[in-house]
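So the structure is just underneath, and the comments pick up after that.
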Amino acid sequence: MATVSIREVHKHYDDFHAVKGVSLEIKDHEFVVLVGPSGCGKTTTLRMVAGLESITEGRVLIGDTVVNELPPMDRDIAMVFQNYALYPHMSVYDNMAFGLKMRKFDKAEIKSRVAQAADILGIKDHLHRKPRQLSGGQRQRVALGRAIVRNPQVFLFDEPLSNLDAKLRVQMRVELKKLHQRLGTTAIYVTHDQVEAMTLGDRVVVMKDGLIQQVGEPLDLYNTPANKYVAGFIGSPAMNFADVTIANNGSGLVATNTAMSIAVPEHLAAPLGPHVGKPATFGIRPEDLRLADGSEPQHQTFEAVVEVAEQLGSEILLDVTCGPSSMVASVDPTVRVKPGEKIRLAFNPKRAHFFDGKSEMAVRG
Amino acid sequence: MAVAASTSTSERVIVAKAKWRPLENERNLAWLLLLPTMVLLGLFIAYPFMRGLLLSVTDTRVGIPGEFVGLANFRRLASDPIFHAVVWNTCWYTLVTTIFKLGLGLWLALLLNRSFKFKAFTRAFILLPFIIPTVLSTFAWKWMFDPTFSVLNWMLYQTGIIRVAINWLGDGDLAMLSIIIVNIWRGVPFFAISLLAGLQTISPDLNEAAAIDGARPLQRFWYITWPLLLPVTMVVMLFSVIQTFADFQIVYVMTGGGPANATHLFATYAYQLGVGTGLLSQGAAVSLAMFPILLLIVIVQLLYIRRVEVR
Ligand SMILES: Nc1ncnc2c1ncn2[C@@H]1O[C@H](COP(=O)(O)OP(=O)(O)O)[C@@H](O)[C@H]1O
Ligand SMILES: [Mg+2]
């Protein structure tokens, strides 16, 4: 097991700049998830760590070794591919044994390691089968098995669950987590699914356009997103945004637009001071909104029109419009509202976010 | 009662409709669709084959209808030293050219499967020997093998490899070597392009996974690429063996079977006997003699292909 250091790494494909200076220090035993929209450079970054893609600029270290020039086989890593990349002409056993055979392990050792991995993954009844005789979930397990038998320094996962159906994906997600808790091998995991990222990662790296937007523990990303992009990307349903202008109405700072005029929460008053007269974005998560009952101050509420009410049992998701912005509010399941109805929503001021109108960076207290 | 009656009427209606649409019957449609192919195959393959069969058991010559002689023609072949040479030549020619075509074709395919500049152009260019009419390109080769005026001897002489002009097509062994070279040159593109198509169906992920698993390039070829390419390779080999075994044009143009019958193959010898000498029935016997050998090779290969594909 080992640390992985990615230092100012760039990747150019001819004249396309796919990865634009990514730096990341991954601790021993850590499970780090790279998440971001399709095409943001996650796979490229992972493949540079694997040695499947040359590194245009920067350095990658595994343990204390700079591996830039090392071929994949000498990096002591294992990778699980999105489409599993199982050898179709080999049995499950041979698929899992291949890496050990190539590394000249003796027969008995190979046998016991494969048996052990097959046991952990629950595929020991299928060892003689060919990959095409297996279901998607079983193939996924074989791919995992092929990775764990070698007991490598680092696991690399490239969207390993995205070919599975929704139910199986959730199940395998849990198993992956268990597997990591059991083996403790350092892992880098790529996904475009923020739920996967949040549930699996010790730390999550949000990427966009070849750049890291934010690195942090899942809850940190959720509670204190560094910018509007991360705020909107992490969390489901996503954070609501409203474009506002910051103004000083004499008694304090307010954020206004055509449909709302709300007080800037105390803890943000000072940092938002320099923004007076400038555009900003107000952000609030659906669960930090509720139906106003009149007990809260007027300036912590705003008016909205119900478009759709989605009853989920544990909560109701209200799709509302508030002037130019559409929002989602997660309200108590007992609430009864009709489409077209005008309601007043109250927000939790402690959990309000503001982003600079130009740089879209979060304004922090 | 009323319900039963109405049901039976509707059934009758359906039956009546079906009667008037013969092509909706899959069996009829199948026959109809097969018909053009069957007519063509019958006319140009089955009929000549049967005629050849009938011819080979007579003593027909050009202009003389001939009588039934049983297997006399085949018996004569069994003691014909030229025919013995033909069998040996054809097997040797097929074996050597197939090995080289496979080796070179595979090597080219592996090179072409990488990405490089002018890839599309190079791939098209590679096909040239295959596209040029064989008789034309073989004539060009014949000139190149010419002992006095040719570019081949000139190059070998200028580079100091030889001192005396080599009489390529005048010596039995060299003539065989020459036609083998031309056949390889002409056959490699087919192997290269077919194998390239096969290579492109192999996901690059597999090679990458193997690289991570610790396999070196040669091991990756041996454990991953080669076994996955095997079904395609076998089919390509099958085609090539059939074609090479019955090859005619290259030998006919280059050596005409000479010198002293040293390069005759089944097809050229059959042609010489049947058309050249006019012994039609003996020519037919020679070409039919090819059949059991070819059948054996094809059966073995098909069995092998099936085994490979089942895996
Ligand atoms: N071999 C390649 N040649 C050129 N461009 C590539 C290549 N591989 C990836 N790219 C580009 O690099 C960007 C990042 O790709 P990738 O790392 O695969 O994104 P993702 O985050 O979806 O995994 C994409 O815009 C993609 O089109
Ligand atoms: Mg990707």
query = Inside region A:71-127, can you point out the residues that are assigned to a helix (DSSP H, G or I), touching a helix residue (DSSP H, G or I) at 6+ places or on another chain (Cβ under 8 Å) and among the polar types (S, T, N, Q)?
reply = A:N95
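Residues are listed down the side, and each one gets a yes or a no for (1) within 16 Å of ligand 1 (Cβ to nearest atom); (2) within 30 Å of A:L289 (Cβ to Cβ); (3) within 13 Å of the chain's Cα centre (by Cα); (4) away from chain B (no Cβ under 14 Å):
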| site | (1), (2), (3), (4) |
| --- | --- |
| A:D125 | no, no, no, yes |
| A:L156 | yes, no, no, no |
| A:Q171 | no, no, no, yes |
| A:A187 | no, no, no, yes |
| A:K208 | yes, yes, yes, yes |
| A:D220 | no, yes, yes, yes |
| A:T224 | no, yes, no, yes |
| A:P237 | no, yes, no, yes |
| A:N240 | no, yes, no, yes |
query = Is there a residue in region A:170-189 that is of a type in the set (A, V, I, L, M, F, W, C), assigned to a loop (DSSP other than H, G, I, E, B) and either within 16 Å of ligand 2 (Cβ to nearest atom) or surrounded by 21 or more Cβ atoms within 10 Å (Cβ to Cβ) (or both)?
reply = no
ask   = Within region A:204-214, is there a residue that is small (G, A, S) and in contact with a strand residue (DSSP E or B) (Cβ under 6 Å, 6 or more places away or on another chain)?
value = yes
Matching option when the condition is closer than 20 Å to A:A187 by Cα and either not assigned by TED's automatic domain parsing to the domain that holds A:Y13 or not small (G, A, S) (or both), among A:R103, A:R132, A:R75 = A:R75
message = Cβ-Cβ distance below 9 Å, separation of 6 or more or different chains: which pairs start in region A:37-48 with a residue that is outside any helix (DSSP H, G or I) and end on one that is within 9 Å of ligand 2 (Cβ to nearest atom) and not aliphatic (A, V, I, L, M)?
response = A:P37/A:H192; A:S38/A:H192; A:C40/A:H192
key: Unique residue being closer than 29 Å to B:G63 by Cβ and either outside any helix (DSSP H, G or I) or within 14 Å of chain A (Cβ to nearest Cβ) (or both) when the list is B:G278, B:G283   = B:G278
task = Exactly one condition in (1) outside any helix (DSSP H, G or I); (2) loosely packed, with under 11 Cβ neighbours inside 10 Å is not met by B:G66; state its number.
result = (2)
note = Given (1) away from ligand 1 (no atom under 11 Å from the Cβ); (2) buried (at least 19 other Cβ atoms within 10 Å of the Cβ); (3) in a loop (DSSP other than H, G, I, E, B), A:V32 misses just (3)
request  = Would you mention how many residues in region A:137-148 are among the β-branched types (V, I, T), within 12 Å of chain B (Cβ to nearest Cβ) and either surrounded by fewer than 24 Cβ atoms within 10 Å (Cβ to Cβ) or within 23 Å of the chain's Cα centre (by Cα) (or both)?
outcome  = 0
Selection count where residues are at the interface with chain B (Cβ under 8 Å from one of its Cβ atoms) and more than 12 Å from ligand 1 (Cβ to nearest atom), scope region A:52-74 = 3
inquiry  = Suppose we keep only residues that are of a type in the set (S, T, Y) and surrounded by fewer than 20 Cβ atoms within 10 Å (Cβ to Cβ) within region B:197-224. Which one would you say is nearest to the other protein chains (Cβ to nearest Cβ)?
reply    = B:S203
note = Filtering region A:5-64 down to residues that are within 16 Å of A:T191 (Cα to Cα) and polar (S, T, N, Q) yields A:S38, A:T43, A:T44, A:T45
task = Among residues belonging to region A:82-95 that are surrounded by fewer than 22 Cβ atoms within 10 Å (Cβ to Cβ) and within 16 Å of ligand 1 (Cβ to nearest atom), point out the one that is farthest from A:S135 (Cα to Cα).
result = A:Q82
query = Residues of region B:272-286 being in contact with a Phe, Trp or Tyr (Cβ under 7 Å, 6 or more places away or on another chain) and either β-branched (V, I, T) or surrounded by fewer than 22 Cβ atoms within 10 Å (Cβ to Cβ) (or both), which ones?
reply = B:V286
task = With the condition kept exactly as written, say whether any residue in region B:259-267 is more than 14 Å from chain A (Cβ to nearest Cβ), part of a helix (DSSP H, G or I) and buried (at least 21 other Cβ atoms within 10 Å of the Cβ).
result = yes
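The values are calculated or read from the model by the stated rules, or taken from the named source; none is laboratory data. Since the structure is predicted, the reported quantities are computational estimates derived from the model, not experimental observations. No Cβ is skipped: glycine too gets one built from the backbone with ideal geometry, and neighbour counts run over all protein chains shown.
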